[in-house]
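In what follows, a single structure is set out as structure tokens and then discussed.
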Amino acid sequence: MEGSQSRRPVSMLAAVRVVGIWKCGEYAALAAFVIIVPRMMGPALYGRLAALVSLMTLLVSTSGLGTGAIFGRFLPEYSATGDQLKARALFIQLFWTRAVLALFLSIGLMVFLPRLIPGLSSLSFAIAGLALLAGATAATCFQVFYGSKQFGKWSSQEPLTRATLLVLLLLLGGAHSLDRAIIAVALTNLVILGLGLFWSQDFFKTERAPIRWDTVWAHLRFGVTVFAGNLLLMTVWRLGETAIVMLSGSSSEAAFFNIANAAVMSANSLIILVFVMLIPVFTTLYVSGKQAAVEESMGRVLKLVTIAAFFAILAAYVAGPLVIERLLGQRFAAVGANLRVLVLGLPATALIALGAARGVILQCPGKTMITNGSALCTFIVAAFLLLPRMVSVGASIAVTLAMFTGAALACYIFELAPVMRIARFGRLVLVYAISFAVLTLLPAPILISGIFSAALFVGLLFGTGVLQIAEVRAFVHGLKVQPENLPQSKSMEAPADEASLL
């Protein structure tokens, strides 16, 4: 942990690549788990395990109280100023605070589980509580690497957890016994905790600043505010099915919305992940007095993400309905209509995520609660107006309108105009509109319209100067932050080049 700061450039393209590799591993492990375990356990037994794991995951997330955002904002600042003692103190404060909170949640889980899953032994309930405590504590050890820009270690927890759990379930016979399955969950979390403690051992060095509880509270207040803002946005995406059932009583329409929403939420999560990954890097620049460099980098990322969002929209319009019909059958054809509406909100997600990132960097996360809270209010009003007549499509429209409301407020509240000028966002929106009009209005088969629209979009990007060859080359070589331009100091972080990330 001690030592001179690496003078090699930090490649954000390398960071995105290594996180992408771990994400692929996570999806592969999830697919293997879903294919193997439910068949071996059967619907009833697997349903009980799924209920337990879902509840534990929710409680682990709740115990965090925005820990990731705290590390992402403050660790780069302490590293840039050479204050390793304060950085260690921050980790220790959050580690033990979260461990204590997780202990109380674990006791609550042991008390509640007999009602959720009756028939298990008291020992199994105690083991479940231990699993929750270990999982929450392990999460802190991995999240600290997000703040220190070691994105490979940060993003490894989930795929390693899924793969380890699958192996232990098979080895311990958990597929035939819920008691053994709970033991497998606990052992998995203990293994991941051991790995996290090993990787983060340097943060436990005895030489650190004294713990001051007023500082702990200031950090937690910041994290909880970020957590609450994110929860409001997640509610917009998760409330649709409930609103459909309550206002229309149609479970099939809720299914149509759910499938389309799950697909678009995956794209939304990737967009948000890009901006979340950049927070520690942007924070380092910001606290070093390089605000212009922060805005320049944000503008480039906003442009690239918005361009990528267009191709996601294009894919949803051209291939979405056909893929849905082939995979799910004609009964689910209405999913395509919902998908085509929901995917239109992807560019708005980019602006909301950019605003939230600025809120973390500038330490004003309360503004994110305003933007996301307004989005939620928009969804509720629009749902009441549209759902009775349009059912699932009405819910999809309500979600998309909510995203545009949140994006518009984010542009104003977070003063994104300079970043949007760098991204040439006005011209980008015009190119969007022209290409989308061609996609939907051209009297030709949808595949032909899609190819023509994509070609026109790319041509207009370069023709209007929104995108330039030099920018494409810069992206291919990676978005780089040169450490020699930052204050030289001892650093708590490992070199974040591609080799160290892997």
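The values are calculated or read from the model by the stated rules, or taken from the named source; none is laboratory data. Since the model is a prediction, treat every value here as computed from it, not as a measurement. With ideal geometry, Cβ positions are generated from the backbone for all residues, glycine too; neighbour counts draw on all protein chains shown. Surface accessibility is based on the protein's heavy atoms, side chains included, excluding ligands, DNA and RNA. Shrake-Rupley method; radii C 1.70, N 1.55, O 1.52, S 1.80 Å.
Taking GluC sites (Glu not before Pro) as exposed when DSSP calls them loop and at most 16 other C-beta atoms lie within 10 angstrom, the chain has its longest site-free stretch at 208-414.
Evaluated at q = 0.06, 0.08, 0.09 Å⁻¹, a Debye calculation over the C-alpha positions of the chain (equal weights, vacuum) places log10 I(q)/I(0) at -0.30, -0.54, -0.70. Between A444 and R421, full extension at 0.36 nm per residue minus the direct alpha carbon distance yields a gain of 4.7 nm. Across the protein chains, with a 1.4 Å probe defining accessible surface, the residues R424, R88, R389 rank R389, R424, R88 from largest area downward. Each part reduced to its alpha carbon centroid, the stretch 343-409 and the stretch 227-302 end up 9 Å apart. Using C-alpha pairs under 8 Å with a sequence gap of at least 6, the mean separation divided by the residue count of the chain gives a relative contact order of 26 percent. Based on DSSP H segments of at least four residues, each scored -39500 (n - 2.57), the chain has a per-residue ellipticity at 222 nm of -27500 deg cm²/dmol. Taking a sphere under 13 Å around the Cβ of L461 and counting the other residues whose Cβ falls inside, with K and R at +1 and D and E at -1, yields a net charge of +2. Using R0 = 51 Å, the C-beta based FRET efficiency linking C24 and L103 works out to 0.90.
Net charge in the neighbourhood of Y27 (other residues with Cβ under 15 Å of its Cβ; Lys, Arg +1, Asp, Glu -1) is 0.
Placing R73, R39 in order of accessible area, with the largest value first and a 1.4 Å probe, yields R39, R73. Extending 7 Å from Cα along the Cβ direction at A470 and again at F33 yields two label points whose distance is 4.7 nm. On full extension, the segment bounded by L430 and M265 gains 56.9 nm, given 0.36 nm per residue less the C-alpha separation. Accessible surface calculations at 1.4 Å, restricted to protein heavy atoms, place the stretch 297-346 at 42 Å² per residue.
Applying 1/(1 + (r/R0)^6) with r as the Cβ-Cβ distance of V224 and S54 and R0 = 25 angstrom yields a FRET efficiency of 0.65. Charge dipole (Cα centre; +1 on Lys/Arg Cβ, -1 on Asp/Glu Cβ; no other charges) of the chain amounts to roughly 120 debye. Which part of the stretch 180-203 falls in the paramagnetic zone of L171, meaning amide N under 16 Å from the point 7 Å along Cα-to-beta-carbon? The answer is 180-195. For the chain, the membrane-span-like helices by this rule, meaning whole DSSP H stretches whose C-alpha atoms cover at least 30 Å of axis and whose Kyte-Doolittle mean is -1.0 or above, are 12-64, 84-116, 122-147, 178-199, 213-238, 251-287, 291-318, 366-413; this says nothing about an actual membrane. Please compare each pair in K149/K303; K23/K367; K153/K367; K290/K367; K303/K367; K149/K205 to a cut-off of 27 Å on the Cα-Cα distance and tell me which ones are over it. From the list (K149/K303; K23/K367; K153/K367; K290/K367; K303/K367; K149/K205), the Cα-Cα distance tops 27 Å for K23/K367; K153/K367.
Element breakdown for the chain at a 1.4 angstrom probe: carbon and sulfur atoms account for 69% of the accessible area. Taking 7 Å steps out from each Cα toward its Cβ at T81 and R389 produces label points 5.6 nm apart.
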